[in-house]
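This report refers to the structure that appears directly beneath it.
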Amino acid sequence: MRARYEAILRAITYNGFVGAAIMSSRDVPVLVAEINRLALRYADLVAACRAGLIAEMEGDPAAWDYVADELPPAPAGHPLWRRGGDV
C-alpha cells in the first residue's frame, strides 16, 4: 500500500502519475474498512468508559471491569499483567 502511494509521489510524467493513482485507488476499500473497524472499536471503548464512570458513581466496586473487558490482555511483565492474561 505504501509503495503504491510513494509511486504517485515519484511519478515524473502525467501518464505515470495517472497509472500510479489508479493502482493506489485499489487500497481505498481496505482503508475504508480499517477506518470503520477503528471507529467501532473507539465507540466500544467510549461506551465502556461511560459505563465504568456511571458504575463508579453508583458505588460499584468492580466499576473498572467495564473498561478492562474492552482492553486487550496486558503483556507479561506489565504492571497490570495477571496470570491468565487478563488485565
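The values are calculated or read from the model by the stated rules, or taken from the named source; none is laboratory data. Small disclaimer: the values here were computed from a predicted structure and weren't measured. With ideal geometry, Cβ positions are generated from the backbone for all residues, glycine too; neighbour counts draw on all protein chains shown.
Details
- When the residues of the stretch 1-13 are filtered to those that are hydrophobic (A, V, I, L, M, F, W, C), surrounded by fewer than 12 Cβ atoms within 10 Å (Cβ to Cβ) and touching a helix residue (DSSP H, G or I) at 6+ places or on another chain (Cβ under 9 Å), the one that is nearest to Leu71 (Cα to Cα) is Met1.
- Restricting attention to the stretch 39-59, the residues being closer than 15 Å to Pro72 by Cα, of a type in the set (D, E, K, R) and either surrounded by 13 or more Cβ atoms within 10 Å (Cβ to Cβ) or touching an Asp or Glu at 6+ places or on another chain (Cβ under 7 Å) (or both) number 1.
- From the list Gly59, Gly16, Gly52, the one residue that fits, being more than 21 Å from Leu80 (Cα to Cα) and touching a helix residue (DSSP H, G or I) at 6+ places or on another chain (Cβ under 9 Å), is Gly16.
- Close contacts from the stretch 49-61, counting a first residue that is closer than 18 Å to Leu71 by Cα and a second that is surrounded by fewer than 14 Cβ atoms within 10 Å (Cβ to Cβ) and of a type in the set (A, V, I, L, M, F, W, C), with Cβ to Cβ under 8 Å and a gap of 6+ residues or different chains, come to Ala55/Ala62.
- Wholly within the chain, helices (runs of 4 or more DSSP H) carrying at least 1 residues that are at pLDDT 95 or above: 28-57
- Every residue from the stretch 14-30 that is surrounded by 10 or more Cβ atoms within 10 Å (Cβ to Cβ) and free of Cβ contacts under 8 Å to residues at least 12 places away in the same chain: Gly16, Phe17, Val18, Gly19, Ile22, Ser25
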